[in-house]
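Below is one structure, written out as structure tokens; comments come after it.
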Amino acid sequence: MAETRRRGPHGPGGHGSPRGGYQKPKNMGKTVGTLLGYVGKSRWLLAVVAVCLVLNTVCSVGGSYLLRPLIDECIVPGDYARLARMLVLMACVYLCAALFSYTYSRIMVHVSQKTTHAIRQDLFARMQGLPLSYFDTHTHGELMSRYTNDIETITEILNNGLVSLCSGVLTFVGVVAVMLYLSPLLFLVTVFSLGLMLLVIMTVGKRSRRYFMAQQRDLGIINGYIEEMVEGQKVIKVFNHEQAAKEGFAQRNEAYRQSATNAQSFAGAMMPAMGNISHINYALTCCMGALLSIAIGLDLGALLVYLQYTRQVSQPIGQMSQQVNNLLAAIAGAERVFEVMETTPEVDEGKVTLVHTSRAADGSITEAAGRSDGWAWKKPDGSLVPLRGDVRFQDVQFGYVPGKAILHGISLYAKPGQKIAFVGSTGAGKTTITNLINRFYEIDSGLITYDGIDVREISKESLRRSLGIVLQDTHLFTGTIADNIRYGKLDATDEEVRSAARLANADTFIRHLPDGYDTWITDDGGSLSQGERQLLAIARAAVADPPVLILDEATSSIDTRTEKLIERGMDQLMADRTVFVIAHRLSTVRNAKAIMVLEQGEIIERGDHDDLLSQGGKYYQLYTGQAELS
């Protein structure tokens, strides 16, 4: 399937970004609007969160202010009874603050999980509707990172970051307001310190973000290298490439160490710098406060409360600066998720559908709701065309990339029950032809008909239901052996599953497994041999009982002995069906009705086995070993 396995120019960085990295969103307004659409589904809960945030801020800031009457009216006069009441009041205020904090935290966990659940659900649903070309041009790691790294950053910011940012803003505003109320003159010292903090944040933050971007890039590179080396361990050992692999990893690991050290150094310097500025601010405020107490009689309680707020005012700034980066990273992650969701889905304008039919005594067919005798194409006008498996190509032109044709003027026909084989070197266009039959891709020009109907007029769901495909690369799902065979027909009975396995000659090895058809397989059937996995794929196609069968080098990984064992079963499977075979071994196509020899997207020879041998051309060279079939 070399024709379809192309990947876009995505580097290893497509494997996702580390948490804490910074990447600026491309279209923040649009992304935020879409994200708010999801979050807005919990608007009433968010309203409760907003109320709790405000009340929490009032209690937190107000609790500190209660120190003023506690000192001036209780401790200084020596009123112990009132002191006890004030302590109880402060305890209640701080207890309320803790209660409100717990409440909005719990609610935001619920909101974040509900939101990301909906995003994840919509993302997966949209991916199922994307064309195959999208998956051919995006790496698996890149797509998986949408579900892991990107959605995780959204979850994290909704869980903690958003409320932390809002809480920081409210706390900062509240503290500044009370500080101005207590002493506008002392606040001038605070303004100087806040300006210094802002300068540090802007200077250090700018450098830190640049290094975090480098760390993000280098981590993506090292992750991609690790994935590549793990998948290629067998090749590495075969060619004694271990030392070179270690040296390559050491080089990438060192690059990541340097960028991560720079990033974490600047990020780590932020809080100590902020702390030292806060200490200087506290010392200056103490000095100025003492002078004001002497000069204008600033009461002791107000001074102590102001000093308390001096320690509190810097915390929201650091908190907000950190959460802004996290928020931008989450928006960038959301943007990547929404880009996938906004990708144009697979277009299907087909109106012809596949329906069950029953045959009357006079030979006419009618649509059947329950048990049926066969299938037919139902046109928009209600007329029925029996499904026979007549497939024809008329001067088909196609290219994966506009302006770069892969197939040039392909014309062929396969009458019902005929076996058509394609042979040729890798990249000749064999798999591409079969991909056009089931409309994985749309042709550029020409016509493909199925039982006389343009395939573009047939709905893709109905078209693909009528086709059975056995691919060279077999994919098995986590589940039982029976489940994987039943994937070809989800409502197949146990007997139908066993019958399909016997037809594919897979029944014998299945019954020798520990739990037979109930044997659980994982990891894409890693516990089975490649030949056994392909036998299951053939059984999966057999249980679907399709009128048209496509075998894409289906026996290429089966040894000659196993191939002979299933040859009779394959003949039974192909009986009375239109079959397209992409051949890896020419011995498998000798009995084909017609053999198409392709070269660079053109059919250069056609005929049956004997005709092609008598021509003495490309097929003759391939069959006699004078040329290689790859």
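Quick notes on this one:
- Those lysines that a straight Cα-Cα span of less than 27 Å connects to Lys246, excepting residues fewer than 8 apart in one chain: Lys234, Lys237
- Entry comment: accessible area of the chain is 50 Å² per residue, from protein heavy atoms only and a probe of 1.4 Å.
- FRET efficiency for the pair Lys415 and His140, taken as 1/(1 + (r/R0)^6) with r the Cβ-Cβ distance and R0 = 51 Å, rounds to 0.80.
- Lys/Arg +1, Asp/Glu -1 at C-beta; the chain dipole; positive extreme among Ala492, Met574, Ile365: Ala492
- Unit charges on C-beta of K, R, D, E only; dipole of the chain, Debye: 1700
- Candidate residues Arg456, Arg465: accessible-area rank, largest first, probe 1.4 Å: Arg465, Arg456
- Contour minus Cα-Cα distance for Lys246 and Val401 (0.36 nm per residue): 52.0 nm
- Taking 26 Å as the limit for the C-alpha separation, the pairs Lys351/Lys593; Lys430/Lys460; Lys460/Lys593 exceed it in the case of Lys351/Lys593; Lys460/Lys593.
- Whole-Hz ³J(HN,Hα) from phi, Karplus 6.51 cos²θ - 1.76 cosθ + 1.60, for region 336-346, glycine and proline x: 5, 5, 5, 4, 5, 5, 8, 5, 4, x, 4
- The order of the peptides 92-103, 512-523 by mean Cβ neighbours within 10 Å, most packed first, is 92-103, 512-523.
- Taking the centroid of alpha carbons for each part, region 177-204 and region 66-136 are 26 Å apart.
- Check: region 314-396 dipole with +1 on Lys, Arg Cβ and -1 on Asp, Glu Cβ, in debye: 280
- Assigned charges on the beta-carbon of Lys, Arg, Asp, Glu; region 177-264 dipole about Cα centre (debye): 260
- Each Cα pair under 8 Å and six or more residues apart adds its sequence gap; the mean of these over the residue count of the chain is a relative contact order of 15 percent.
- Near Ala376, the amide H atoms lying under 5 Å from its own belong to Val355, Thr357, Leu387; only residues 5 or more places off or on other chains count, and H is placed 1.01 Å from N.
- Kirkwood Rh in Å, taken over all unlike Cα pairs in region 131-270: 19.7
- 222 nm mean residue ellipticity, helices alone, for the chain (DSSP H n ≥ 4; -39,500 (n - 2.57); rounded to 500): -19000 deg cm²/dmol
- Degrees, to the nearest 10: 162-182 long Cα axis against longest axis of the chain: 10
- Under 16 Å from Lys30, Cα to Cα: aspartates and glutamates that are on another chain or at least 8 residues apart: Glu335, Glu339, Glu342
- Aspartates and glutamates whose Cα lies under 14 Å from that of Lys379, excluding same-chain neighbours fewer than 8 positions away: Glu349, Glu367, Asp451, Asp454, Glu457
- Of the residues Ser411, Gln600, Thr137, the one whose Cα sits farthest toward the positive end of the charge dipole of the chain, with +1 on the Cβ of Lys and Arg and -1 on the Cβ of Asp and Glu, is Thr137.
- Evaluated at q = 0.05 Å⁻¹: base-10 log I(q)/I(0), Debye formula over Cα of the chain: -0.40
- Amide H to amide H distances under 5 Å link Phe422 with Val581, Ile582, Ala583, Met596, where only residues 5 or more positions off or on other chains count and H is placed in the peptide plane.
- Among the protein heavy atoms of the chain, carbon and sulfur supply 57% of the accessible surface, probe 1.4 Å, non-protein parts ignored.
The values are calculated or read from the model by the stated rules, or taken from the named source; none is laboratory data. Remember, predicted model here, so these are calculated numbers, not experimental data. Note: ideal-geometry Cβ built from the backbone for every residue, glycine included; neighbour counts use all protein chains shown. Calculation scope for accessible area: heavy atoms of the full protein, side chains included, ligands and nucleic acids excluded. Shrake-Rupley method; radii C 1.70, N 1.55, O 1.52, S 1.80 Å.
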